[in-house]
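Q: Let me give you the structure first, and then I'll get to my questions.
The values are calculated or read from the model by the stated rules, or taken from the named source; none is laboratory data. Every value quoted in this text rests on a predicted model; they were computed, and no experiment measured them. As a convention, Cβ positions derive from the backbone with ideal geometry for all residues, glycine included, and neighbour counts pool all protein chains shown. SASA here: full protein model, heavy atoms, side chains in, ligands and nucleic acids out. Shrake-Rupley method; radii C 1.70, N 1.55, O 1.52, S 1.80 Å.
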Amino acid sequence: MEKLPWHILLIEDNVEDCADLRQMLLRAGSRRYRFSEARFGAEGVRKVFDPEHGPVDCVLLDYGLPDMDAPAVLAALCEGAEMPPCPVVVITGAAVEEGQALLVAGAQDFIGKRWTSTESLTRAVENAIDRYALQVEAHRAKNALRASEEHYRALYDSIDAGYVVFEMLFDEDDIVVDALCLQVNPAFAQQTGLIDAQGKTLRGMVPGIERLWLETYGAVALTGVPVRMEQYAQALQRWFDVYAFRLGASGGRQVAVLFTNTTERKGIESALVAAKSEADSANRAKTDFLLSMSHELRSPLSSMLGFTQLLEAGNPAPTPAQRDSIDQILHAGWYLLGLITEILDLSSIESGQMVLLTQAMSMREMLATCRAMVIPQAQGSGIEISFPSLDPDYLVQADPVRTKQVLLNLLTNAIKYNRVGGRVEVSCKVTPGNTVRVSVEDTGRGLSAAQMSQLFQPFNRLGQESGTKAGTGIGLMICKRLVELMGGTIGVESTVDVGSCFWFELDRVIPPTTDNINPPVRTVLCIDKDDVRRAHVEELVGRCADTYLMRAPDIGSGIEIARLARPDVILMSVQPPDPGGLDAVTRLAGDPATENIPVIALVEGVVPPGEQARLQASFFRYVSLRAPNDTFADALNLAFHMAPGITSRAVPLENT
């Protein structure tokens, strides 16, 4: 590709000298040129900056001009910048000593008029253009570096988090002994209370600093593995959220630490925990009272109902007036017994004593059972009710007793709160999420948006308190809790004056086929009160073929389910140093019904070294939920291979 001609601007007041310079460059023949001229310095400066004049590749500048000399022209070209906008070669008749000042002023080169030759002039121009290009690139890189440093410094000085760079100090055995503060930001003193830290050692500033801090930073320096932790510094009486990482390549000993003082937040958290504990204690006392009173009331009430039924069937038969009285007693008694039963259910759920035994059950059989129970009520109220015809493969993972309780509640509500001559339609379908949805749609009054927001609150009858329909206002609340305990969801769609559709979804179970008619069915019990963690565990277990998952929201109900159902493996959420999980696994190991079931502890985050040994001694395995999924699957598969016939404390915990 042909090179473009260089644009040479001759700032020279002598016409003959201009012609000579042109001829010398043209005779060189190494490349093409185009020329422009200026007789005065000011005129030449104007042409350099004039975009219509075109970019100038090099200026040949006469030292002495009618209006100004070369240093003045160079100053005008630089305009306060470090360099002129193009390379300048000064043609001078002055002594060589003058040339150094010209270079300082911004010229790329200088050449004497009396000894200028074609070769020297051509070489001066070419070298000037090449040097100028290198200087421009160096100048650009320098400015970019300066801008980056200024940006970093502004960020470094303005962040609220503390920042420090330590040089970790080790002895000859690579045991960390101290840390030298090389650099700290302004927030360091505010976060730690330590002033003038730069250049001092950590032990020198805080003589009582715990070794945990030095060992942690030393491990980061040696391994290059970053660490994130929240830890209390006893010597500083402060909590810190810390992220530490190594600076430089392997072999370096510098560690950068970004940290925040979380003492105030920790105090708030402690207050909240104390308040929650107090509220939980009060709630447990309320629940215990309800349970105790409900049991105390149910026994004499059952006796009253029994004797009233004897009176009803007595000989001689009751008189009409007596029969009316007996009917009133029975009606009120059965209503009160239903209320007590619902309160017992709600109290059991809230106290964590509700035990669910989930299994694969047929929704077709469940609907048929409930249909037989509600048809008389629907006919007595003049309500038309329809049920679907289902295939046998509508199987769900649920507790049959509690599923029937939920479905009957929705059906009786749909009949009770319907309009005269209304209709109830029951439907069942498999959803895209592989659940089975059961819907109960009525033609009642419907619910407003305000009523919908209060729907599942206990003892709220949504304005029916003054009506003639009996009810406690806790049935829907119990339904919601039961469905959620079985791992399902419940909801409603409603339109005022049109009707409502209550629905619930339960996990679908794929029925056996000729390909999987005899699979080895394995059962896993997950004990965890946290919904998010439980959902994560369900997803992990769901990837294991032929495995059914049972759920328990707390340790008490989990131990009860384990005794009754005897699962192959138990997954238990453990939060060290809380002793609850360790106590639970001890109880399981001491019970003949559960002593051979492997128990895997599920933990979150980093386990302190002291707690690792306790977990290793007590559990079959412990697995972090932040570890790769393969780690969880490997531990679960190993537990399946070991169960039954091995105690939960018999296998060491290495590299899990």
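Q: Regarding region 181-228, what is the average projected area of its C-alpha convex hull, in nm²?
A: Working: hull surface 15.4 nm².
Reported value for the Cα convex hull: 3.9 nm².
Q: Hey, which aspartates and glutamates would be in cross-link range of Lys529, C-alpha to C-alpha under 17 Å, not counting anything within fewer than 8 residues on its own chain?
A: By straight Cα distance, Lys529 reaches Asp280, Glu350, Glu484, Glu538, Glu539, Asp554, Glu560, Asp578, Asp583, Glu604.
Q: Right, another one. Which lysines have a Cα lying under 19 Å from the Cα of Lys429, excluding residues fewer than 8 positions away in the same chain?
A: In chain and number order, the partners are Lys404.
Q: Using the charge dipole of region 194-256 (Lys, Arg: +1 at Cβ; Asp, Glu: -1 at Cβ; taken about the Cα centre), state which of Leu214, Gly248, Tyr232 has its Cα farthest towards the positive end.
A: Gly248
Q: Quick one: putting +1 on the C-beta of Lys and Arg, -1 on the C-beta of Asp and Glu, what dipole do you get for the chain around its Cα centre, in Debye to the nearest 20?
A: 2080
Q: Across region 528-544, in residue order, what do the Karplus-derived ³J(HN,Hα) couplings come to in whole Hz, using 6.51 cos²θ - 1.76 cosθ + 1.60 with θ = phi - 60° and x for Gly and Pro?
A: Working through the residues one at a time gives 6, 8, 8, 5, 5, 5, 5, 5, 5, 5, 4, 5, 5, 5, x, 7, 8 Hz.
Q: Could you calculate the FRET efficiency of Asp174 with Ala593 from 1/(1 + (r/R0)^6), where r is the beta carbon distance between them and R0 is 60 Å, rounded to 0.05?
A: Values: r = 51 Å, r/R0 = 0.86.
So the FRET efficiency works out to roughly 0.70.
Q: Enumerate the lysines that Lys3 could reach by cross-link, defined here as Cα to Cα under 28 Å, with residues fewer than 8 away along the same chain left out.
A: Counting by Cα, and skipping residues close in sequence, Lys3 has these lysines nearby: Lys47.
Q: Right, here's the next one. Ordering Ile129, Ile91 from largest to smallest accessible area (1.4 angstrom probe), what's the sequence?
A: Working: Ile129 30, Ile91 5 Å².
Order by accessible area, largest first: Ile129, Ile91.
Q: Express the relative contact order of the chain as a whole percentage, based on alpha carbon pairs under 8 Å and six or more residues apart in sequence.
A: Details: 1043 pairs, mean separation 37.9, N = 656.
For the chain, the relative contact order is 6 percent.
Q: Okay, moving on. To the nearest 10 degrees, how steep is helix 118-158 against the longest Cα principal axis of the chain, on a 0 to 90 scale?
A: Once rounded, the angle reads 30 degrees.
Q: Classify region 155-236 as rounded, prolate or oblate from the Cα gyration tensor: take a ≥ b ≥ c as the square roots of its eigenvalues, call it rounded if a/c is under 1.5, otherwise prolate when a/b beats b/c and oblate if not.
A: On the way: a/c = 1.59, a/b = 1.44, b/c = 1.10.
Note, shape of region 155-236 comes out prolate.
Q: Can I ask one more? By how many degrees, 0 to 90 and rounded to 10, does the Cα axis of helix 320-351 deviate from the longest principal axis of the chain?
A: Its long axis makes an angle of about 30 degrees.
Q: Rounded, prolate or oblate, given the Cα gyration tensor of region 100-251, with a/c below 1.5 counting as rounded?
A: prolate
Q: Using volume of the Cα convex hull per residue in Å³ as the read-out, say which of (i) 339; (ii) 187; (iii) 178 was calculated from these coordinates.
A: Calculated volume of the Cα convex hull per residue in Å³: the matching label is (i).
Q: Sticking with this structure for a sec: How far, in degrees from 0 to 90, does helix 475-485 lean away from the longest principal axis of the Cα atoms of the chain, to the nearest 10?
A: On a 0 to 90 degree scale, this one is about 60.
Q: Would you work out which of Gln575, Gly267, Leu390 lies farthest towards the positive end of the dipole of the chain, given +1 charges on the beta-carbon of Lys and Arg and -1 on that of Asp and Glu, about the Cα centre?
A: So the residue we want is Leu390.
Q: Here's another thing I want to ask about it. Just reorder Met229, Met477 by solvent-accessible area, largest first, 1.4 Å probe, all chains present.
A: Met229, Met477
Q: Once you put a point 7 Å from the Cα of Arg265 and another 7 Å from the Cα of Ala138, both along the Cβ direction, what distance in nm separates them?
A: My value for the distance between the label points is 4.9 nm.
Q: Can you tell which of Asn143, Leu337, Ile527 lies farthest toward the positive end of the dipole of the chain, using +1 and -1 charges on the Cβ of basic and acidic side chains (Lys, Arg; Asp, Glu)?
A: The listed residue farthest towards the positive side: Leu337.
Q: Okay, next question. Quick one: what does P(r) look like for region 1-115 with 10 Å bins over all Cα pairs, in whole %?
A: Over region 1-115, the share of Cα pairs per 10 Å bin runs 14, 49, 32, 5, 0 percent.
Q: Please give the length that would be gained between Ile375 and Glu484 if that part of the chain were fully extended, namely 0.36 nm times their separation in residues minus their C-alpha to C-alpha distance (nm, one decimal).
A: On the way: separation 109, 0.36 × 109 = 39.24 nm, distance 2.76 nm.
Extra length available between Ile375 and Glu484 comes to 36.5 nm.
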